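Here is the structure we will look at.
The values are calculated or read from the model by the stated rules, or taken from the named source; none is laboratory data. Remember, predicted model here, so these are calculated numbers, not experimental data. Note that each Cβ is placed from the backbone with ideal geometry, even for glycine, and that neighbours are counted across all protein chains shown.
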Amino acid sequence: MNFGGLLGIVAVLAFGVGILGVAFAFTLASQGRSARGGVVLALVGFAAGVALFIISSGILIVQPARAAVIVNVLTGELEDPARAPGTSIIIPGLQEYIIYQTDQREYTMSGISTEGRMQGNDAVEALSADGQEVRLDITVLYRIERQDVNQIHLNWQNRYELDFIRPTVRAVARDVVSQFEAEAIYGEKREELGNQIEGVVSEQMKLEGLTLTALLVRQIEFTDAFSQSIEEKQIEEQRLLRARTEAERVQTEAGGRADAAEQEARGRANARLIEAQAEAEALRVISDQIAANPNLIQYLYVANLSDNVSFALLPSDSPFIFNIDDFTQLGDDFEAPEASIQLTEAGQ
């Protein structure tokens with residue numbers, strides 16, 4: 001209980017004492033005795049009660065997050081600035097006070113009947129640039145600065161929510177929505193829409209002494225027909241995207257197989273080329289050896305005969321008629337094969 005309330009209770013008790021004094025005075029007078037004691041008690045009680053009541057009425061206690069507008073009842077002027085939270089004195093009968101909240105407050109306009117200040121559907125209805133109906137649920141978070149309380153009292157008193165905030169937000173929202181296509185609001189422009197509404201409302205509230213903390217576009221609804229058309233379009237776009245992705249995958253796989261086949265063919269071609277080069281080099285070496293040693297072929301022929309061959313008949317026109325002396329020309333390191341082979345020319 002605050003000090004002013006305590007004084008009020010004491011004042012009531014003092015008035016009670018005064019009433020008891022009157023009753024006591026009447027009792028004494030009815031008994032033929034002097035009523036002076038009762039009269040004195042009544043006067044003291046009433047005087048104390050009036051004094052305490054005046055004092056308690058002159059004590060102003062402003063709670064935290066509040067501000068008091070002080071009005072001179074004779075001139076109608078406002079005390080500047082408004083009283084801050086705490087205890088102060090006013091002149092009873094000459095000054096009156098009105099308390100305003102300075103903490104953050106909210107005002108909601110919603111299509112849900114259980115939300116917001118207004119009963120029923122209070123969503124903001126607007127038309128987009130392409131004529132589609134749009135419904136918005138909006139919450140305004142705001143506060144009153146103490147230095148602006150007198151201005152709000154002069155302009156709106158306690159009607160600032162219904163007479164200023166509500167119509168201002170609805171008008172601004174309708175104007176901003178009319179600048180956007182419905183499909184854009186449905187998609188990537190939703191945040192931009194909210195930011196534009198908040199910016200305009202903030203400027204207009206500032207002119208009236210109100211500070212906008214945040215403006216929240218909590219819900220955006222469209223007609224059922226429009227919502228269905230958007231959903232069908234998105235489904236079709238998803239199908240096209242999946243088809244395009246599948247086509248790209250197939251194309252990539254085909255390209256990969258083609259590259260692999262090309263690499264494999266190139267590898268086989270390189271292998272054959274290397275093999276051909278090796279064979280050509282081998283043939284070149286053999287050709288050089290044969291050119292240097294003409295009897296080398298005959299020698300290799302004899303060397304590769306089976307070990308159990310000791311006698312062979314050759315036609316007279318065979319090129320393999322060997323002269324043993326020719327083998328000695330192969331060099332000092334030449335060794336004749338172990339098998340003794342007799343070569344006889346047929347017909348001789």
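Restricting attention to the range 226-236, does a residue exist that is at pLDDT 90 or above, in a helix (DSSP H, G or I) and surrounded by 14 or more Cβ atoms within 10 Å (Cβ to Cβ)? Scanning the range 226-236 turns up no residue that is at pLDDT 90 or above, in a helix (DSSP H, G or I) and surrounded by 14 or more Cβ atoms within 10 Å (Cβ to Cβ).
Among the helices (runs of 4 or more DSSP H) confined to the range 111-221, the ones with at least 1 residues that are within 30 Å of VAL69 (Cβ to Cβ) and not assigned by TED's automatic domain parsing to the domain that holds VAL69 are located at 149-155, 166-177, 190-207. Contact map, the range 238-249: first residue basic (Lys, Arg), second residue surrounded by 10 or more Cβ atoms within 10 Å (Cβ to Cβ) and at pLDDT 75 or above, Cβ cut-off under 8 Å, separation 6 or more or different chains; the map is empty. Assessment of the range 67-74 against the conditions (in contact with a helix residue (DSSP H, G or I) (Cβ under 7 Å, 6 or more places away or on another chain) and either modelled with pLDDT of 75 or more or in a strand (DSSP E or B) (or both)) yields at least one matching residue. Restricting the first member to the range 36-50 and to residues that are assigned by TED's automatic domain parsing to the domain that holds VAL12, and the second to residues that are surrounded by 16 or more Cβ atoms within 10 Å (Cβ to Cβ) and basic (Lys, Arg), no beta-carbon pair is closer than 8 Å while six or more apart or on different chains.
The set of residues in the range 179-207 that are surrounded by 16 or more Cβ atoms within 10 Å (Cβ to Cβ), of a type in the set (Asp, Glu) and under 24 Å from ARG105 (Cβ atoms) contains only GLU198.
For the range 123-134, which residues satisfy the criterion of being buried (at least 17 other Cβ atoms within 10 Å of the Cβ) and not small (Gly, Ala, Ser)? VAL124, GLN132, VAL134, listed by residue number.
Select from the range 112-126 the residues that are at pLDDT below 90 and not polar (S, T, N, Q) and list them in ascending order.
Keep residues of the range 112-126 that are at pLDDT below 90, which gives 112-122.
Across the range 112-126, the qualifying residues are ILE112, GLU115, GLY116, ARG117, MET118, GLY120, ASP122.
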